[in-house]
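Below: one structure, written as structure tokens.
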Amino acid sequence: MKGPVLVINSGSSSIKYQLIDPDGGEAIASGLVERIGEPDGIISHRHRGVDSEHRGPISDHAEGLRLAFSMFAEAGLDLAAAGIAAVGHRVVHGGEVFYRPTLITPEVVAEISRLSSLAPLHNPANVVGIESAMRVFPDVPHVAVFDTAFFHTLPAPARTYAIDTEIAAAHGVRRYGFHGTSHEYVSGRVAEVLGRDLTELKQIVLHLGNGASASAIAGGRAMDTSMGLTPLEGLVMGTRSGDIDPGIVMHLRRSAGLDVDAVDKLLNRGSGLKGLCGVNDFRELRRLIGAGDGAAQLAYDVYIHRLRKYIGAYLVTLGGVDAITFTAGVGENAVEVRADALAGLEGLGIEIDPDRNTAKERAARVISTDSSRVTVLVVPTNEELAIARAARGFASDGAGEQSQR
């Protein structure tokens, strides 16, 4: 089946979309809907290199998608006549049920909704994106690609929490991992950049954005990852705490009177960098540090400390590593994060070249020295292309199960 794929990534307060040619990898059109639910909403749309913009209130995700689709027409592209082969949807949590690209049916939508308790910031928004797009494109296959899929085959010791096994089994408690589409795509690109066979490589991939996760990958298979049952565990993130002592939850319930919903909001929306210094945008964090803000400096130090702990843990998990790769918004753009995360590791064979690290390049590239035993790279992620290829591949051959249990 030929034709472009419309990829929709409906997040908690924003929607990213792209119309992609999966064969050449070209984005025919793309856009970002931001500040959903706020009076100063904005949609940035690009078609064949020409930019356009919409500003004004965006009441909800359905309204955001409606406005985004209208911008295609305003730019001269009739989506109804574009020969769209499939619509690919990023869905954050697939639980134990979904671990392959899955044709979306009403039953699938219901199950994704049921899994919202495991990803309360994301799955509800994913469902809105799916339902809105299906109303606009009722005759096109809609395919869900799950963030958790790449980590479905984690080894038992890595995916198992040390709690009562009956309770864990009854409630689906295990490490699921997230950003799987990105980790899988980037690790594959590393093999291409290095001219190596993916099955030969031991890799650490660091997906650092507002949400952040690390993975240990051997031979193309995930061996461990920092996010867990939900996207809350692991690295310090923009608004999420990452790893904490679980006893903090009980302590806050008893001493501060916070109920479950209040603690959930605190740890998911009011913690991480924002909780430590009031901002979660890394550009603003750097500005505050430059102005001598002590809270911002501490937030950055905590961020780097946690990141280095995971790098060290995965070096041991893998028994050595061939490549360490930075990706996503912070990983691709924050020069100092890359330098500080790997500082002082020359004894482990990890050496960053300062000039390569600070070079103004956008393409995938090596930033380690020629003598470094471990290759350090920056590889831009392209989750949308990975989703487009998975969606059209599924829609084309009709293979695969509707769901996997």
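The values are calculated or read from the model by the stated rules, or taken from the named source; none is laboratory data. From a predicted model like this one, the values you see are computed outputs, not experimental measurements. In this analysis, Cβ positions are derived from the backbone assuming ideal geometry, glycine residues included, and neighbour counts consider all displayed protein chains. Accessible surface areas use protein heavy atoms only, side chains included; no ligands, DNA or RNA. Shrake-Rupley method; radii C 1.70, N 1.55, O 1.52, S 1.80 Å.
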Inset, instruction - Provide, in order from the shortest bin, the percent of all Cα-Cα pairs of the range 147-186 in each 5 Å bin, continuing until the bin that contains the maximum pair distance. - result: 6, 25, 24, 21, 13, 6, 4, 0
Legend entry - DSSP bridge pairs, the range 85-244: antiparallel proportion in percent, nearest 5: 70
Inset, instruction - Can you send over the carbon and sulfur percentage of the accessible area for the range 219-259, probe radius 1.4 Å, protein chains only? - result: 57
Legend entry - Furthest towards positive pole of dipole, Pro138, Val366, His45, structure part the chain, Cβ charges: Val366
Legend entry - Rounded, prolate or oblate (a/c below 1.5 giving rounded, otherwise prolate when a/b exceeds b/c) for the chain by Cα gyration tensor: rounded
Legend entry - Heavy atoms of Asp353 accessible to a 1.4 Å probe, total area in Å² rounded to 10: 40
Legend entry - Solution diffusion estimate, µm²/s, Stokes-Einstein, the range 180-295, Kirkwood Rh from C-alpha pairs, 10 °C, viscosity 1.306 mPa s: 98
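Around Ser187, with a cut-off of 14 angstrom between Cβ atoms, what is the net charge of the other residues, counting Lys and Arg +1 and Asp and Glu -1? Don't skip to the answer; put the middle values down first.
Working: positive: Arg189, Arg196, Lys202, Arg221; negative: Glu184, Glu192, Asp197, Glu200, Asp224, Asp322, Glu383.
Net of charged neighbours comes to -3.
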Legend entry - Descending semi-axes in Å of the range 67-151, equivalent ellipsoid built from Cα gyration tensor: 26, 13, 11
Inset, instruction - Using a 1.4 Å probe over the heavy atoms of the protein chains, calculate the carbon and sulfur portion of the accessible area of the range 1-151 as a whole percent. - result: 52
Inset, instruction - State the percent of C-alpha pairs, over all pairs in the range 1-115, separated by a distance greater than 21 angstrom. - result: 43
Legend entry - Accessible area of the range 304-405 belonging to carbon and sulfur atoms, whole % at 1.4 Å probe: 50
Legend entry - Solvent accessible area, Å² - Met223, 1.4 Å probe, full protein context: 60
Legend entry - Proximal lysines relative to Lys360, as straight alpha-carbon distance under 27 Å, when same-chain residues fewer than 8 apart are discounted: Lys16
Legend entry - Where the chain is the region considered: accessible area per residue in Å², 1.4 Å probe: 44
